[in-house]
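Visitor: So that we are looking at the same thing, I have put the structure below in structure tokens.
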Protein chains: 2
Amino acid sequence: MELLDICKNAKAARIDMLKLSTGEKNDALLAVAKGLLADSDKILDANRKDYENGQKNGMHQGLLDRLKLDEKRIEAMADGIRQVAELEDPIGQEIEHFVRPNGLKIKKVRVPLGVVGIIYESRPNVTADAFALTFKSGNVAILKGGSDAINSNIAITNSIRNTLKGLNIVADAIQLIENTDRQVTTDFMKMNDYVDVLIPRGSAGLIRAVVENSNIPVIETGTGNCHIYVDKDADFEKAIPIIINAKTQRIGVCNAAESLIVHEDIKNDFLPLFEKAMKEHSVEIRADRESKALMPLAIDATEDDFGREYLDYIISVKTVKNVDEAIAHINKYGTGHSEAIITENKENADRFLALVDAACVYVNASTRFTDGFEFGFGAEIGISTQKLHARGPMGLKELTSYKYQICGNGQTRV
Amino acid sequence: MELLDICKNAKAARIDMLKLSTGEKNDALLAVAKGLLADSDKILDANRKDYENGQKNGMHQGLLDRLKLDEKRIEAMADGIRQVAELEDPIGQEIEHFVRPNGLKIKKVRVPLGVVGIIYESRPNVTADAFALTFKSGNVAILKGGSDAINSNIAITNSIRNTLKGLNIVADAIQLIENTDRQVTTDFMKMNDYVDVLIPRGSAGLIRAVVENSNIPVIETGTGNCHIYVDKDADFEKAIPIIINAKTQRIGVCNAAESLIVHEDIKNDFLPLFEKAMKEHSVEIRADRESKALMPLAIDATEDDFGREYLDYIISVKTVKNVDEAIAHINKYGTGHSEAIITENKENADRFLALVDAACVYVNASTRFTDGFEFGFGAEIGISTQKLHARGPMGLKELTSYKYQICGNGQTRV
């Protein structure tokens with residue numbers, strides 16, 4: 001189908017979505033989960049094609065692993081959809097209401113965003129995942145997955161659409177852009193007359209391309225140059241496990257720590273402990289001059305290191321004179337994702353919480369907690385690093401907008 | 001100053017803004033108001049230059065009127081700033097808090113957006129107005145006004161900056177881009193590393209240009225193709241005054257009505273009353289076939305008429321079979337601004353409120369109420385017609401974002 005028709009269908013379908021009750025949406029999600037399991041042979045066949053094409057095209061083993069589906073992964077997709085069915089429905093919630101002196105009753109209620117575009121890379125499970133979240137929040141999804149997973153994505157989308165059709169629910173609640181031509185992706189980003197928001201999920205390069213080319217409002221997700229600042233009043237027994245967790249529990253994620261900031265008053269006592277812990281976890285240390293002197297294994301950090309999201313077993317180290325210098329360093333080099341202070345000093349903790357400009361600011365905890373599930377949202381469509389609309393982990397509520405419903409009895413403006 | 005330096009200064013100033021208390025911000029606003037009055041000679045001199053240049057360049061009388069300042073208009077600017085000082089400060093408000101099973105205490109608090117760019121056209125009072133709203137909400141403003149008002153804008157900005165300097169408050173809380181080269185405006189829209197949100201205020205052409213060129217998240221404001229649907233169960237004594245008000249009280253504004261939709265069951269009784277009212281207010285009627293037959297003064301509406309925001313003494317008329325057809329027409333041609341139903345039928349009213357996709361949906365009231373002051377926000381930076389971030393009238397709260405402050409005692413992720 002032509003891109004324009006996909007967009008027009010989506011815009012029309014948004015009104016049908018408004019008519020669904022919470023119960024109807026949940027029943028549909030459970031049916032979709034069941035349908036995916038029933039269609040697993042077809043989906044696995046399609047996935048095999050993608051996998052073979054990937055092998056032929058010399059795709060990296062890591063990417064091939066992410067691409068590959070099996071019975072267990074399809075079950076995990078179905079489970080994910082069932083979990084979303086159990087979450088609270090944000091749509092229709094009254095956010096506030098007030099009565100004006102002229103008698104107008106104004107109610108602010110939560111509504112879907114409308115048409116949500118999602119551009120993502122090779123993992124086909126995103127297709128089912130993104131559908132569940134957008135559908136539960138009353139939105140219509142237009143998906144543009146990576147060309148490497150096109151057959152898998154078509155099979156998954158067809159399964160979902162067939163289930164919806166069987167229930168007499170608008171199948172255009174989910175549409176996949178099947179044309180893998182790059183130009184189509186660029187054209188898609190100009191469809192602001194039809195699409196209300198665009199969420200890119202994937203590499204920094206993908207996200208940058210979307211931000212630079214989209215006329216549709218974008219929610220930027222994902223880049224995290226996260227710092228841990230060990231204050232002069234830090235409890236080292238908290239600091240070391242937190243740093244190990246934030247740096248090494250999973251290195252390739254946006255909420256992993258990339259840089260240690262240390263107060264100069266404690267550097268002599270703390271850095272040897274830190275170096276030992278990093279050595280035990282095979283983490284390379286790139287240190288500024290003051291800190292390097294205390295860590296024989298460290299190498300020199302360059303200016304460039306402080307702005308880097310390594311996503312690797314590497315950490316940079318910066319020494320500061322006080323909490324204000326730590327805050328200034330973070331506000332200069334951070335990406336506004338997740339930042340932590342380790343301290344027993346209430347005043348410094350409060351200053352850090354107030355003055356660090358980031359989605360999530362921590363005292364004595366690992367930055368790894370920035371996550372929709374860890375926050376109790378039950379689901380996550382991404383972690384926003386912009387300040388418009390949603391910031392930090394985005395669950396169902398972050399996929400909504402609001403409208404004002406105003407009731408009068410003939411009021412006119414004077 | 002170079003654009004890049006302006007943006008860097010703004011980004012640095014955002015942290016200084018976080019340090020100001022509500023009292024300090026309010027005192028500064030009152031001092032700025034006083035300063036503008038004290039500087040009124042300088043401002044009027046500068047404005048005279050702009051006015052003379054406008055005359056020389058053959059500027060329209062309407063635009064010249066909007067450009068012109070006098071003592072009274074400067075007093076109105078100062079009054080506006082004082083009113084903003086009296087409004088509640090949204091910054092620091094706790095939106096919600098929760099404790100996770102692992103003991104992490106998570107607080108969601110309101111924070112400034114950071115750096116707000118505003119691109120606007122010739123009215124110089126916007127300069128003072130935009131400053132007051134962004135400053136009170138803890139934001140830093142970068143203003144790009146129209147070249148026609150450049151001297152006035154420089155004089156106003158200098159006055160504000162001097163007052164801030166005198167109070168030892170960061171003067172870069174407000175910066176004006178003085179370079180009137182068009183390329184600079186385009187370059188400004190690419191400064192997403194420094195600017196958190198861009199708000200265009202002005203013509204539809206300006207807004208479109210910003211949406212198409214900006215890499216910075218944009219809040220789209222202003223276009224309103226607003227409808228009034230007179231249902232079969234309408235009270236005509238409410239309908240006629242509401243239509244007169246919505247169409248004629250101020251024709252050039254985004255919340256004015258542009259189109260009437262009428263239920264066919266009542267067209268015979270209602271349209272003659274409507275035509276008489278429009279005639280009395282010199283409003284031209286462009287009607288579909290069914291309704292035109294009942295209104296001798298009406299001319300034929302074309303397809304194009306239904307998509308038009310006239311901003312003029314013109315109204316289109318469309319006949320429908322039922323409320324669903326009215327809703328579908330509005331969802332097709334509306335701009336998601338303000339839409340009204342006139343009915344005594346609760347079921348139809350509820351259906352309209354639920355299924356019309358617009359920022360503000362009215363029952364038995366004029367669309368002209370879509371306004372920050374009428375909503376009781378005390379101020380307005382614009383009316384958003386997008387669904388991301390803010391929708392409808394935007395006051396101080398809509399100029400904020402939030403952050404999560406998370407306190408632990410050593411938690412690490414498992």
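Visitor: Please pick out the residue among A:Asp45, A:Asp5 that is over 27 Å from the mean Cα position of the chain (by Cα) and under 21 Å from A:Asn125 (Cβ atoms).
Guide: Sole residue among the options that is over 27 Å from the mean Cα position of the chain (by Cα) and under 21 Å from A:Asn125 (Cβ atoms): A:Asp45.
Visitor: Turning to a different aspect of this structure: Quick one: in the stretch A:16-59, of everything that is among the β-branched types (Val, Ile, Thr) and crowded, with 19+ Cβ neighbours inside 10 Å, which residue is farthest from A:Thr186 (Cα to Cα)?
Guide: Looking at the filtered set, the residue picked out is A:Val32.
Visitor: So, restricting to helices (runs of 4 or more DSSP H) that lie completely within the stretch A:301-414, which ones have at least 2 residues that are without any contact (Cβ under 8 Å) to a residue 60 or more places away in the chain and of a type outside the set (Asp, Glu)?
Guide: The helices (runs of 4 or more DSSP H) meeting that bar are A:323-333, A:346-355.
Visitor: Restricting the search to the stretch A:173-187, which residues are crowded, with 21+ Cβ neighbours inside 10 Å and assigned to a helix (DSSP H, G or I)?
Guide: A:Ala173
Visitor: Regarding A:Ile174, is this residue at pLDDT 95 or above, away from chain B (no Cβ under 14 Å) and touching an Asp or Glu at 6+ places or on another chain (Cβ under 7 Å)?
Guide: Judged against the criteria, A:Ile174 is not a match.
Visitor: Consider the stretch A:158-188. How many of its residues are farther than 30 Å from A:Leu44 by Cβ and without any contact (Cβ under 8 Å) to a residue 60 or more places away in the chain?
Guide: 2
Visitor: Counting only residues that are surrounded by fewer than 16 Cβ atoms within 10 Å (Cβ to Cβ) and under 16 Å from A:Ala257 (Cα atoms), how many does the stretch A:312-331 have?
Guide: Of the residues in the stretch A:312-331, 2 are surrounded by fewer than 16 Cβ atoms within 10 Å (Cβ to Cβ) and under 16 Å from A:Ala257 (Cα atoms).
Visitor: Residues of the stretch A:230-260 being under 16 Å from A:Thr335 (Cβ atoms), more than 11 Å from chain B (Cβ to nearest Cβ) and crowded, with 19+ Cβ neighbours inside 10 Å, which ones?
Guide: Answer for the stretch A:230-260, where residues must be under 16 Å from A:Thr335 (Cβ atoms), more than 11 Å from chain B (Cβ to nearest Cβ) and crowded, with 19+ Cβ neighbours inside 10 Å: A:Cys254, A:Ala257, A:Glu258, A:Ser259.
Visitor: With (1) surrounded by 15 or more Cβ atoms within 10 Å (Cβ to Cβ); (2) in contact with a Ser or Thr (Cβ under 7 Å, 6 or more places away or on another chain) as the list, and A:Lys107 as the residue in question, which single condition is left unmet?
Guide: If we test A:Lys107 against (1) surrounded by 15 or more Cβ atoms within 10 Å (Cβ to Cβ); (2) in contact with a Ser or Thr (Cβ under 7 Å, 6 or more places away or on another chain), just (2) comes out false.
Visitor: Still on this structure, I have one more. Hey, could you check the stretch B:355-393 for residues that are among the polar types (S, T, N, Q) and within 11 Å of the chain's Cα centre (by Cα) and say which is farthest from B:Val115 (Cα to Cα)?
Guide: B:Thr370
Visitor: Ok, one more. Pull up the stretch A:381-393, narrow it to residues that are in contact with an Asp or Glu (Cβ under 6 Å, 6 or more places away or on another chain) and not charged (D, E, K, R), then point me to the one that is nearest to the other protein chains (Cβ to nearest Cβ).
Guide: Looking at residues that are in contact with an Asp or Glu (Cβ under 6 Å, 6 or more places away or on another chain) and not charged (D, E, K, R), I get A:Gln386.
Visitor: Looking at the stretch B:8-42, which of its residues are part of a helix (DSSP H, G or I), within 14 Å of another protein chain (Cβ to nearest Cβ) and over 26 Å from the mean Cα position of the chain (by Cα)?
Guide: Those that are part of a helix (DSSP H, G or I), within 14 Å of another protein chain (Cβ to nearest Cβ) and over 26 Å from the mean Cα position of the chain (by Cα): B:Lys8, B:Asn9, B:Ala12, B:Ile15, B:Asp16.
Visitor: Residue by residue through the stretch B:337-376, note down the ones that are facing another protein chain (nearest Cβ under 9 Å) and closer than 21 Å to A:Asn139 by Cβ.
Guide: B:Leu353, B:Ala354, B:Leu355, B:Val356, B:Asp357, B:Ala358, B:Ala359, B:Cys360, B:Val361
Visitor: Would you check if A:Ile251 is within 18 Å of A:Tyr313 (Cβ to Cβ), in a loop (DSSP other than H, G, I, E, B) and in the same structural domain as A:Cys360 (by TED's automatic domain parsing)?
Guide: yes
Visitor: Something else about it: Would you be able to tell me the number of residues in the stretch B:394-414 that are within 15 Å of the chain's Cα centre (by Cα) and at the interface with another protein chain (Cβ under 8 Å from one of its Cβ atoms)?
Guide: Adding up the residues that qualify gives 0.
Visitor: Within the stretch B:284-298, which residues are surrounded by fewer than 19 Cβ atoms within 10 Å (Cβ to Cβ) and within 16 Å of B:Lys321 (Cα to Cα)?
Guide: B:Arg289, B:Glu290
Visitor: Among B:Val116, B:Val99, which is the only one that is modelled with pLDDT of 95 or more, of a type in the set (A, V, I, L, M, F, W, C) and more than 18 Å from the chain's Cα centre (by Cα)?
Guide: Of B:Val116, B:Val99, the one residue that is modelled with pLDDT of 95 or more, of a type in the set (A, V, I, L, M, F, W, C) and more than 18 Å from the chain's Cα centre (by Cα) is B:Val99.
The values are calculated or read from the model by the stated rules, or taken from the named source; none is laboratory data. Computed from a prediction, not measured in an experiment: that's the story for all the values here. So basically every Cβ, Gly included, is an ideal-geometry build from the backbone, and we count neighbours across all protein chains shown.
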